[in-house]
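Structure first, commentary second.
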Amino acid sequence: MAGEDRQEVVRPEMKVAEVLRRWPHLLEVLVEASPAFQKLKNPLLRRTMPNLVTVAQAARIGGLEPEELVARLNRALGVEAGPAVPVAREGESLLGTPPPSWLSAPLGFHLDVRPILEKGGEPFQAIMAAAQEVKPGEKLVLEVLFEPIPLYKVLGKQGFLAWCERLGERHYRVHFYRQGAGKGGGVPSSPALSEVDWESYQAEVYIEENLEPPLPMMRILEALAKLKPGEKLLVHHVRRPVHLLARLEEEGHAYLLKDLGPGQVKILIRKGG
């Protein structure tokens, strides 16, 4: 079937984590493709960076064209490369770009998430909380282990401009400048949830362990779409859904997350709008 064939090739929009989960032997292909991927040999980094970065984004971080890296990975799978399809450059690396004029803006918040990443944790909520503390005209400065390319789009929707510099092999500093009110086209955030909100909800979704991306996110967003603004959805998940949380933030939905242990995560989402 055509749908099944599609699952047997590497595509630019796939997350690196998904590629390595399906085809672990492609780790060596990535490492050979660029020195920038040497860090993937570290088991801790394989639990963090690949979950945030697509193959296309990883290629640009590694100084490669996305089409070139995709073709190399597919050749390792025994798949003949088809006609090269240009890959959209949205969310590309900012490394090596000229320093922006706003770089000297006052510091609003400084956050080092490297300890969280080194332990295999997910710093997304901490970053979003820090961003809320930054006023227009101020900067949020992040210390990270790798360039967080997907974060550019997430914070961009909240009116932030971004610039990144590399300070060491596992040290990147990212500057986010919050523009004045009315800029950036962000979606207004829904008021924060509290512990009391866990007591009631209007719908419930269960995500099974064997459900492969992007099906969990699709199921959750479909359930959320059926609710009215202000209603709540309880999600029983098997992991922290990093990309779902980014999507909720982008669209102005409030959420709470409880990590109950291995394979047990509860998320309460209140629909915004």
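The values are calculated or read from the model by the stated rules, or taken from the named source; none is laboratory data. Remember, it's a predicted structure, so these values are computed and weren't measured experimentally. So basically every Cβ, Gly included, is an ideal-geometry build from the backbone, and we count neighbours across all protein chains shown. Note: accessible area is taken over every heavy atom of the protein model, side chains too, but ligands, DNA and RNA are not part of it. Shrake-Rupley method; radii C 1.70, N 1.55, O 1.52, S 1.80 Å.
If you go through the stretch 257-273, how many residues are open to solvent by less than 20 Å² (accessible area, probe 1.4 Å) and either in contact with a Leu (Cβ under 6 Å, 6 or more places away or on another chain) or not aliphatic (A, V, I, L, M) (or both)? Break it down into steps so the answer makes sense when it comes.
Just the residues of the stretch 257-273 that are open to solvent by less than 20 Å² (accessible area, probe 1.4 Å), to begin with: 265, 267-269, 272.
Subsequent filtering for residues that are either in contact with a Leu (Cβ under 6 Å, 6 or more places away or on another chain) or not aliphatic (A, V, I, L, M) (or both) retains 267-269, 272.
Number satisfying all stated conditions: 4.
Out of the residues in the stretch 122-150 meeting the condition of being assigned to a helix (DSSP H, G or I) and modelled with pLDDT of 85 or more, tell me which one is most open to solvent (accessible area, probe 1.4 Å). Before the answer, list the steps.
We begin by selecting, within the stretch 122-150, every residue assigned to a helix (DSSP H, G or I); these are 124-132, 149-150.
Going one step further and asking which of them are modelled with pLDDT of 85 or more, we end up with 126-132.
Details: ALA126: 42, ILE127: 11, MET128: 7, ALA129: 52, ALA130: 4, ALA131: 0, GLN132: 125 Å².
Restricting to residues being assigned to a helix (DSSP H, G or I) and modelled with pLDDT of 85 or more, the top hit is GLN132.
Beta carbons closer than 6 Å, at least 6 apart along the sequence or on distinct chains, pair a first residue in the stretch 124-137 that is basic (Lys, Arg) with a second that is surrounded by 14 or more Cβ atoms within 10 Å (Cβ to Cβ) for LYS135/GLY108. Confirm whether ALA225 is of a type in the set (A, V, I, L, M) and in contact with a helix residue (DSSP H, G or I) (Cβ under 6 Å, 6 or more places away or on another chain). No; evaluated as a whole, the condition is false for this residue.
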